[in-house]
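Contents: one structure, followed by commentary.
The values are calculated or read from the model by the stated rules, or taken from the named source; none is laboratory data. The shown structure was predicted, so the numbers you read here are calculated from the model rather than taken from an experiment. Using ideal geometry, Cβ is built from the backbone for each residue, glycine included, and neighbour counts are taken over all protein chains shown. The accessibility values were calculated without ligands, DNA or RNA, using every heavy atom of the protein model including side chains. Shrake-Rupley method; radii C 1.70, N 1.55, O 1.52, S 1.80 Å.
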Amino acid sequence: MVMLGDWLDNQFGTINIKNSYNIGNVNANTYLSAGIISHEYANSIVENCYNLGEISQLGSSWVSYASAKGIGGNTITNCYNFGKVISERTKPNVIGVSSSKIISCYYNSELSGITQELEELKDVKNMMVEEFVELLNNYKDETGNYPKDWKKWKVGDKGYPIFE
């Protein structure tokens, strides 16, 4: 018997998303919504990305894992979510950054409405944007090097970190 998740993993292999961002609002009437990757059905690696869009999962769903996410994936590294995340579910899985492995990821609880307390996910609401940009630019992989195809961060026109 082949489970659906195993079948999807075999169909899609590894999904790598690097140096990407979402600034648009996402409003879903189905059970999953996200700025970057709503459901981790394959080996999904998200690196050096951000979401500024408002993400909402509206309407009821019979699916128990209905959720709204700023950023999803199996492994998420050096990313941030400042977008508001909203769900109308009775027991919503409303999260900014969702993953089985989170490395150097950030959110702003004042902007996103998220109040998660995870060791791997840091709230930067009191940090100056210049300090935050420096923190994002100082990330190095497990070998002590900048990841392949690395994009540097800078302060954008609206006061958020963006890519140079």
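Miscellaneous remarks
- For residue 154, the aspartates and glutamates whose Cα comes closer than 13 Å to its Cα, not counting residues fewer than 8 places off in the same chain, are 130, 131, 134, 164.
- Computed from label points 7 Å out along Cα-Cβ, the spacing between residue 75 and residue 100 is 1.2 nm.
- Difference of contour (0.36 nm per residue) and Cα-Cα distance, residue 18 to residue 110: 30.5 nm
- Too-long pairs where the Cα-Cα distance tops 19 Å, listed order kept, from 69/148; 18/148; 69/101; 122/158; 69/140: 69/148; 122/158; 69/140
- Amide H to amide H distances under 5 Å link residue 67 with 32, 33, where only residues 5 or more positions off or on other chains count and H is placed in the peptide plane.
- Given their separation in residues at 0.36 nm each and the Cα-Cα distance between them, residue 142 and residue 158 gain 2.6 nm when the chain is fully extended.
- Residues residue 150 and residue 128, FRET efficiency given R0 of 22 Å [Cβ-Cβ distance, rounded to 0.05]: 0.45
- Ranked packing of 104-111, 25-32, 70-77, 157-164, most packed first, by mean Cβ within 10 Å: 70-77, 104-111, 25-32, 157-164
- For the set 134, 120, 142, the ranking by accessible area, highest first and with no ligand, DNA or RNA atoms included, is 142, 134, 120 under a 1.4 Å probe.
- Environment charge at residue 139 (Cβ cut-off 12 Å; Lys +1, Arg +1, Asp -1, Glu -1): -1
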